[in-house]
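The values are calculated or read from the model by the stated rules, or taken from the named source; none is laboratory data. Owing to the predicted nature of the structure, the values given are computational and were not obtained by experimental measurement. Quick reminder, even Gly has a Cβ in these numbers, built from the backbone with ideal geometry, and neighbours come from all protein chains shown.
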Amino acid sequence: MSAISYDPTRSEVRQNPYPYYRELRQKAPVAHIASTDFYAVASHRHVLEVFRTPELFSSRAMRWVRTGGRAPSSPLEGTNMTPEQAAEFAAALPFSPLELVMARSVIYAEPAEHHGLRAIVNRGFTPRKIAELEPRVREIARECLVKARTKGELELMSEFAIPLPVTVIAEMLGIDVERQADFKRWSDAIIQTSTGGPATGQRAPEMLELFQYLAQVIEARRRAPREDLISTLIRAEQGEALKPAEVVMFTLLLLVAGNETTTNLLGNALLALTENPEQLARVQTDRSLIPVLVEEALRWDSPAQALFREATRDTELGGVAIPAGSVVVPLVGSANRDEEAFPGGERFEVRRDRPAHIAFGFGLHYCLGASLARLEARVALEELLELRGIARKSDVEPERLDSFMVRGPRSLPLTFEG
């Protein structure tokens, strides 16, 4: 077999992984990647097999995203912190850093714990609760477009795709919406330090700011509970279902995941539409296609490109032997373009018949906020696609987030006729 060129440490691969995914599917649907020492799983069939067998492929590897799915050899490994910064970080926390590191999370909890943790916040994401948010989501979307309608142009990410979901999740959590610029900055720091390439930069001060802010908000909610998600977590803590560090981690998860997915989904959707103007015209002519557009955007350019799993014992996948303890990476972005599952999968098609993608995962760890992301994206696109003559302001390919796990444009300037 010829050498595989997929290497997520290379910037050109992170900027456009799809040719490399295609090569993997054709040559080695399950392949050991020497540069990162993990097993990449590229085909839809094998990714589903990983998701369907959590007893073989444990999500506990997600605890160590910052160190490539492996437990760090030291507390500072993968944090980009100097010893002095680590000491400052530890002094600012109301509990030990080790408690934070070992806190349980729905992202990597084993099945026995997962259901109980998920049940704590499930009541905030029921179909009825999500449906009730639609008027507020629409109001926020329209507010974001007021200035754009006057100017005839819009920087999609900073003026629309970021503030809309940040505002929604901040209001659900009960935190200060006015700090949305900080939320995005902190969220970017988490993505970059956890899932970026080798040149992630020094983001430790921002991480410290974030944890200090969350600790303050949580303490305020302990003193004066409200009807919000943080108060829900506090009640679980007081009922001894969660530890203080787990409340912080749960809040962090909801804040970051609650804005990153929708932000990148909207950015990727508009990139796809402007690169395929016939599809843009089609969906603007027939707006009943917008829900399908949301699903096709999720499939074609998935906001979450990859996840980490750990082989719990010696096993085999796609004819490849995988030793116990190995890190296995199901490449969701590749699986969602697999021609065997999606005929013409490399083509973006807003009339695709039921694009049953796995952009939100599958099975036990199916994304808690999937229904919220779908609602936000549908409403946002309904409002945005009322603008006529939408086009990219520049032909230059936009810079993507520096991550092999999370995909979206950093900026996307648009023009339109009104």
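A few comments on the model shown:
- Counting the residues of region 393-418 that are buried (at least 22 other Cβ atoms within 10 Å of the Cβ) and among the charged types (D, E, K, R) gives 1.
- For region 58-66, the criterion of being at pLDDT below 85 and either exposed (fewer than 14 other Cβ atoms within 10 Å of the Cβ) or more than 23 Å from Gly363 (Cα to Cα) (or both) is met by at least one residue.
- Considering region 348-376, and only residues there that are exposed (fewer than 14 other Cβ atoms within 10 Å of the Cβ) and out of contact with any Leu (no Cβ under 7 Å at 6 or more places or on another chain), the residue that is farthest from Gly69 (Cα to Cα) turns out to be Asp353.
- Qualifying positions in region 149-167 - touching a residue at least 24 places away in the same chain (Cβ under 8 Å), in a helix (DSSP H, G or I) and under 15 Å from Leu412 (Cβ atoms): Leu156, Met157, Ser158, Phe160, Ala161, Leu164
- Criterion: assigned to a helix (DSSP H, G or I) and either small (Gly, Ala, Ser) or farther than 24 Å from Glu246 by Cα (or both) - qualifying residue of Ile140, Ile120: Ile140
- Residue within region 233-242 that is closer than 23 Å to Glu159 by Cα and not hydroxyl-bearing (Ser, Thr, Tyr) present: no
- The number of residues in region 246-299 that are closer than 21 Å to Glu159 by Cα and not in a helix (DSSP H, G or I) comes to 0.
- Candidates Ala241, Ala220, filtered to the one that is assigned to a helix (DSSP H, G or I) and surrounded by fewer than 21 Cβ atoms within 10 Å (Cβ to Cβ): Ala220
- Meets criteria (without any contact (Cβ under 8 Å) to a residue 24 or more places away in the chain and closer than 28 Å to Val329 by Cβ) for Asp286: no
- Close pairs (9 angstrom Cβ cut-off, 6 or more residues apart or separate chains): farther than 21 Å from Asn264 by Cα in region 332-361, surrounded by fewer than 18 Cβ atoms within 10 Å (Cβ to Cβ) and of a type in the set (Asp, Glu) anywhere: Glu339/Glu346; Arg351/Asp286
- Set Ala103, Ala148, Ala112: member being surrounded by fewer than 15 Cβ atoms within 10 Å (Cβ to Cβ) and of a type in the set (A, V, I, L, M, F, W, C): Ala112
- In region 88-117, the residues that are in contact with a helix residue (DSSP H, G or I) (Cβ under 8 Å, 6 or more places away or on another chain), in contact (Cβ under 8 Å) with a residue 24 or more places away in the chain, of a type outside the set (A, V, I, L, M, F, W, C) and in a helix (DSSP H, G or I): Glu88, Glu99, Pro111, His114
- If you go through region 358-409 and keep only what is under 14 Å from Gln305 (Cα atoms), in a strand (DSSP E or B) and among the charged types (D, E, K, R), you end up with just Arg400.
- Contact annotation: residue pairs with Cβ atoms under 6 Å, 6 or more positions apart or on different chains, pairing a residue in region 12-33 that is part of a loop (DSSP other than H, G, I, E, B) with a partner that is modelled with pLDDT of 95 or more, are Pro29/Ala42; Pro29/Ser43; Pro29/His46; Pro29/Gly318.
- Per this entry, Glu240 is not counted among residues that are among the charged types (D, E, K, R), closer than 19 Å to Ile169 by Cβ and over 18 Å from the mean Cα position of the chain (by Cα).
- Of all the residues in region 124-141, those that are in contact (Cβ under 8 Å) with a residue 24 or more places away in the chain and surrounded by fewer than 13 Cβ atoms within 10 Å (Cβ to Cβ) number 2.
- Which listed residue, of Arg226, Arg128, is in a helix (DSSP H, G or I) and among the basic types (Lys, Arg): Arg128
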